[in-house]
1. Just for the Cα atoms in the range 35-124, what are the lengths along the principal axes, largest first, rounded to whole Å?
2. Sum -39500 (n - 2.57) across every DSSP H segment of at least 4 residues in the chain, then divide by the residue count to get the 222 nm mean residue ellipticity, nearest 500.
3. In nanometres, what is the gap between the two model label sites at R41 and T313, each 7 Å from Cα along Cα-to-Cβ?
4. Classify the range 273-342 as rounded, prolate or oblate from the Cα gyration tensor: take a ≥ b ≥ c as the square roots of its eigenvalues, call it rounded if a/c is under 1.5, otherwise prolate when a/b beats b/c and oblate if not.
5. Would you mind computing Rg(Cα) / (2.2 N^0.38 Å) for the range 77-232, counting N as its residues?
6. By per-residue mean of other Cβ atoms within 10 Å, what is the highest-first order of 311-320, 7-16?
7. Report, in debye and to the nearest 20, how large the dipole of the chain comes out about its Cα centre when Lys and Arg carry +1 and Asp and Glu carry -1 on their Cβ.
8. Distance between the C-alpha centers of the range 216-253 and the range 255-274? Whole Å please.
Amino acid sequence: MSSSAEHKVVVTGATGNVGTSVVRALAEDPGVGSILGLARRIPDWAPANTEWSPADIASERTPLAELFAGADAVVHLAWAFQPTRDPARTWRTNVLGGIRVFEAVATAGVPVLVHASSVGAYAPGPKDRAVDESWPTHGWPDAAYCREKAYLERALDIFERDHPDVRVVRMRPAFMFKRESASEQRRIFGGRLLPGPLARPELLHFLPDVPGLRVQALHTDDAAEAFRLAVTSEVRGAFNLAADPPLDAGVLAERFGARPVRLPRTAARSAIAAAWGLHLLPASPHLFDAVLRLPLMDCTRAHEELGWQPRRTSTEVLQEFLEGLREGAGAATRPLHGSKVG
């Protein structure tokens, strides 16, 4: 993609955590002339050079190929986390809707597809070393999120085989957070159990140290910069995206002045399963199982080929997110509306 100001980029899922950051990053790029943001509900937000169109990627009534016509790139971010208790519905949006997006890219003759995959697409892997993009993307089959991300990786394998003229980029970010996403992510993952003392690290004297609970995080704006670079450069293939250091009880305890206390996996999972069973927790114990097995990612390829570096550490990201929880932070889009809970 050249630096001409005539290029058009279409972004699906443009009003969520990742979408708002990607739209903002593209809007600030002088090489991007126009952005079409697709979302189920049009926001009260007007970034530069951006138009909006209502779209449900899972609906046959949404003319995706028409919306993509004339685009130089499609950035596919649309994703439904809820309802977590109805995996058939999320499959319809995430997998079948994702495949509709891929097919529409081909039908419309769009030359570039940038797809938001995830660390969740990876098969179980090590926690004591980082793996590169060649690690298998079979996911953790018991968690819907991982199954869906892994299935789309296979769909993209077929798409690339059948459409070698399309430059396909697969972004595999770690867990992404920003201040404005705090309320949305509380609703999606934590429900009524996440706010309160957890949002005030100074009140946490102990942190549970669960074996295997070592993950990577990333500021959403830093991830968005990698998406922008993928659109405007000539790279292909998969890119791991994460910030340092990996987060575990030891790192968090040092950051927040708490003491790590060993908690067996079975005890932690039983507590989560009980909360899930009582409908107190939106995130299932199956997702917890997956998190314990996710590999740590090596981001060398993104550094060297994209020229990408995160500007914030993972601990800074978490600090900002917790501040957002306390404040009920949000943004002027329906998915990111703020909601403070004590």
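Laboratory data are not the source of any read-out in this text; all were calculated from the coordinates shown. Since this is a predicted model, take the numbers as computed values, not measurements. With ideal geometry, Cβ positions are generated from the backbone for all residues, glycine too; neighbour counts draw on all protein chains shown.
1. Dimensions of the range 35-124 along the principal axes of its Cα atoms: 39, 30, 26 Å.
2. One gets -10000 deg cm²/dmol as the mean residue ellipticity at 222 nm.
3. A separation of 3.8 nm, rounded to one decimal place.
4. On the way: a/c = 2.51, a/b = 1.30, b/c = 1.93.
It comes out oblate by the Cα gyration axes.
5. Values: Rg = 17.5 Å, N = 156, 2.2 N^0.38 = 15.0 Å.
Ratio of Cα Rg to 2.2 N^0.38 Å: 1.17.
6. Details: 311-320: 18.4, 7-16: 25.9.
Packing order, densest peptide first, comes out as 7-16, 311-320.
7. 1300
8. So the separation of the two Cα centres works out to 26 Å.
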